[in-house]
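Bear in mind these aren't lab numbers, they're just calculated from the coordinates by the rules spelled out. The shown structure was predicted, so the numbers you read here are calculated from the model rather than taken from an experiment. Cβ coordinates were reconstructed from backbone atoms using ideal geometry, including for glycine residues, and neighbour counts include every protein chain displayed.
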């Protein structure tokens, strides 16, 4: 065993890519620091003051040197910027076919919801080798869902959904930390990410008893809150059908066109804006639903089919 | 090699600014910029003690993974106090109000600053703000972190957020007025012949810093006012439940916050130029490049604030722009480092404490600046954001950079301010302790950040303990290194050997007048005819 | 007293001559105004964000403001800037009586601005239940207007927060301005101004014009959103 860790585990597809850039930057830092330290110490010794009152010959400067040590670091910076921005873009774009898991942060715990139904507190079970996309929000202050072994983290902000993704490459248990100071229990808002072989993960999913899939819970809420009286409704007070809504483009009464993603649906439930062609009658459900229930409704609406099946208003 | 004339038996002048008038009224109602510098020196040293004590208690607590001394609720108040005190009540003032106040008029050949009464008012405003803030600490403290992120600070925190923000708000106006005073002074009160390009580089840095003062500090003022408003009346400016945007706060805060850190480092860079010039008895290599780099750092610093927000859900394209500009702002700093190193080449390098602090700065700021690149680069920032890597980075530039410059400057100009010398052997020893202690404290924190330890954690996983213990051990050495100068400076002020006008054989208007200087600095307004650092005719002109 | 009447001026000891002092004082005020731009800037930034996000609510809120007051203030302040500028000219021409008249006129208009705003406009807003944090509960005609624009109540509250904050900070600056005018009036009576320190009037003039310009921005941004039907 080492005296102390000098490296977190490399447990995701992103981790080795991240580490390569990190090592490059570390080498760069070591090189230039050593260079400067060495020069400074060498000059300090070689040109040390030998007589108390001596004054050395003066020199003004050197344009070539100035240009050189401005342009060369600039080129190095452009190189790093290019490499790092590419790495960042890759780390922010989940593959299309990712498995989705939902996270709600609140002071001071993580509530994880699998679409198939199982819920966890401060733990996240995932299968290895499968891209996972986390959709997250907070119920109170800003948190951050950080997994050092995967080299990812993302702020979890109240009022919006934020996402991050990873593909785990090694089974095992890894640290999960809250990485944005959130009050008294911030350092206790930690947990474990458990990466399992796919067959073990399936077994774990089915072993969680008496849980309904999120979309089924959402359907239940849909009826319980009376959403189905207007969506779709009868007559001139009908709201738009939600069949095929998810993923489509929605034109609002004020002229804006928005994509109907998870965030749009959340906003439509909690603070609706009038849709073009429909009366502005939808009430807000702010205060009646917690974030987990909103996610279940979102899951239900997502299950109502992709945009190709969307019927137009007669 | 040519020589300077060093005085063999210096004496104290009969009348100087310290003994020209006696009594508490002559100090508390002074308009002499030199006395105001002392008023600030005493006040900020007191605040440094509070900030340092918080840090000591934090590092003690972190020896044990489950927290040695404090519950998280108390620990959270400690790191908040440490950050707020060190940034708003110590570092922002340190070089500008102590060394800047003392030296700017003298270095440009003036009798005082443009608005001496405003200068005194700045000090009183600072003291009022600091008093309110300290009272807020004593009556329960704040636990939001120095960054006061919403909605934690506005809606969820149960601590003295309101009184703390009032204290900081007030102290901010002290800085705005100081910056205004310095800008007008440097523009309008230079002695005949003191053109812009004959100014010491310390003046260039202080000018750039003052511009940032007047443009950035008002933004934190209004932001703090909005926090106070929200806290008292819960109106929803930053509360998502009422339609507000918590990220708006971060934009407003960091629009101030990033230029603020350049307020903290630019004056120190200015001091380093003076230390290196005096410590090598040589013109700073590439004077105009160093001067322009101060101005460009100040300008670009206003355009990079989003690099603190890469993970908030901010537009990726905005992030790319912020990242690119953050790399750009690193270049002028690198240019300064190279020029200082080149100045040492074929110089006459002294081993006195001021030069040792400058050498320490050059090395430590290089590390601090380069580790900033890890954070400016979006890809690597994802993993390192909000970990101890960030803590290590900013302490390397703030402590290894800014504080080393402050201490080096205090040592260089101590003889001018007091007329007496400090004990050189003790000063060198303290400098070494600071250097070793500092690296031991913050070096391991880079590793801690890489392996994933988040910042602002009161407890942590057991496998991180060894690194934390190393860091705490370093902090104890660093603390000793800071206490020793406190002791010998007090001794020196009372009993130190007489310094004379120019114990260093250095160039600069401040070394042409007596130590301590007369109240009006110059018997006759100087006429400036030579370049800055004119140690001799240019002999080895290369390129 | 007679020294001032004959045009002698007091040069503070840190300055070499009156010219240097005059330039330093004026430059100092310009820098101070730069800080004020940044101070108000934070509020304008927040305003822009929320107006963009909640345009209906901001339009509704704007229609709930009393545009007659806003227009009157604009007229008042522009006139007061005129009298202030005339005052600066009077001080440069060494005419203490004219200067006093113009300063008093400016003073009256500035004080009227603050008084009318607090006593009538803001008090009226309070009676209509439009003050967030205090009694925000629009009813009757106000509520009709909000519904007409399909605005959400909390977002209209946000509009009103920015309205009170921005006009409130502006009003504070007006109070300071009136205080500066009072000081100038006293100095004029004591003969300290027309003697040679006319740049004090110019400096207060700079401040006054700046506060006026801020209002020129506030008026359309707050009172004129979405036009009037």
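Structure data summary
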read-out	value
Tilt relative to chain C, helix C:199-223 - C-alpha long axis, 0 to 90 degrees, to 10	10
Whole-number D in µm² s⁻¹ for the protein assembly as shown, Kirkwood Cα-pair radius fed into Stokes-Einstein, 37 °C, 0.692 mPa s	103
Modelled label reach - residue B:465, point 7 Å along Cα→Cβ, segment B:59-103 residues with backbone N closer than 12 Å	B:63-68
Share of Cα-Cα pairs in segment A:214-309 lying beyond 21 Å, as whole percent	26
P(r) weight above 29 Å for segment B:1-156, C-alpha pairs, percent	39
Helix axis angle, A:291-302 relative to chain A longest principal axis, alpha carbon, degrees	70
Label-point separation in nm, residue B:2 to residue A:109, each point 7 Å along Cα→Cβ	7.8
Label-zone membership for segment B:1-26, site residue B:523, 7 angstrom Cα→C-beta point, backbone N under 16 Å	B:11-17
For segment A:1-72 versus segment A:168-241, the gap between their alpha-carbon centres in whole angstrom	48
Estimated FRET transfer efficiency (residue A:97, residue A:41; beta-carbon r; R0 45 Å; 0.05)	0.20
Projected label distance in nm at residue B:74 and residue A:229, using a 7 Å step from Cα toward the beta-carbon	5.6
Modelled FRET efficiency - R0 30 Å, residue C:68 with residue C:147, Cβ distances, 0.05 increments	0.80
Peptide B:344-355 - average C-beta neighbours from other chains (10 Å radius)	5
Structure-based [θ]222 nm, chain B - -39500 (n - 2.57) summed over DSSP H runs of at least 4, per residue, nearest 500	-21000 deg cm²/dmol
Calculated FRET value between residue C:95 and residue C:190, using beta carbons and R₀ = 22 Å, to 0.05	0.85
Averaged over A:66-77, number of beta-carbon atoms from partner chains that fall within 10 Å	5
For segment B:387-525, convex hull volume per residue from C-alpha positions, Å³	133
Kirkwood hydrodynamic radius (C-alpha pairs) into Stokes-Einstein, chain B, 10 °C and 1.306 mPa s, D in µm²/s	66
Largest-first principal axis extents, alpha carbons of segment C:95-229, Å	61, 24, 24
Globularity ratio of segment A:99-207, using Cα Rg and 2.2 N^0.38 Å	0.99
Cα centroid separation - segment B:256-279 against segment B:383-438, whole Å	12
At q = 0.10, 0.13, 0.14 Å⁻¹, base-10 log of I(q)/I(0) for chain A (Debye sum, equal scatterers on each alpha carbon)	-0.73, -1.03, -1.14
Other protein chain Cβ atoms within 10 Å, averaged over every residue that makes up A:42-48	6
Protection proxy ranking of C:174-181, B:184-191 - average other beta-carbon atoms within 10 Å, highest first	B:184-191, C:174-181
Estimated inter-spin distance, residue B:128 and residue A:50, nm [label 7 Å along Cα→Cβ]	6.0
Set of segment C:180-209 residues, backbone N closer than 17 Å to the point 7 Å along the Cα-Cβ line of residue C:79	none
Principal-axis tilt of helix B:33-61 within chain B, Cα atoms, nearest 10 degrees	40
Between segment B:455-482 and segment B:1-78, the Cα center-to-center distance that results, in Å	25
Residue-averaged [θ]222 nm for chain C, counting only DSSP H segments that reach four residues, each worth -39500 (n - 2.57)	-25500 deg cm²/dmol
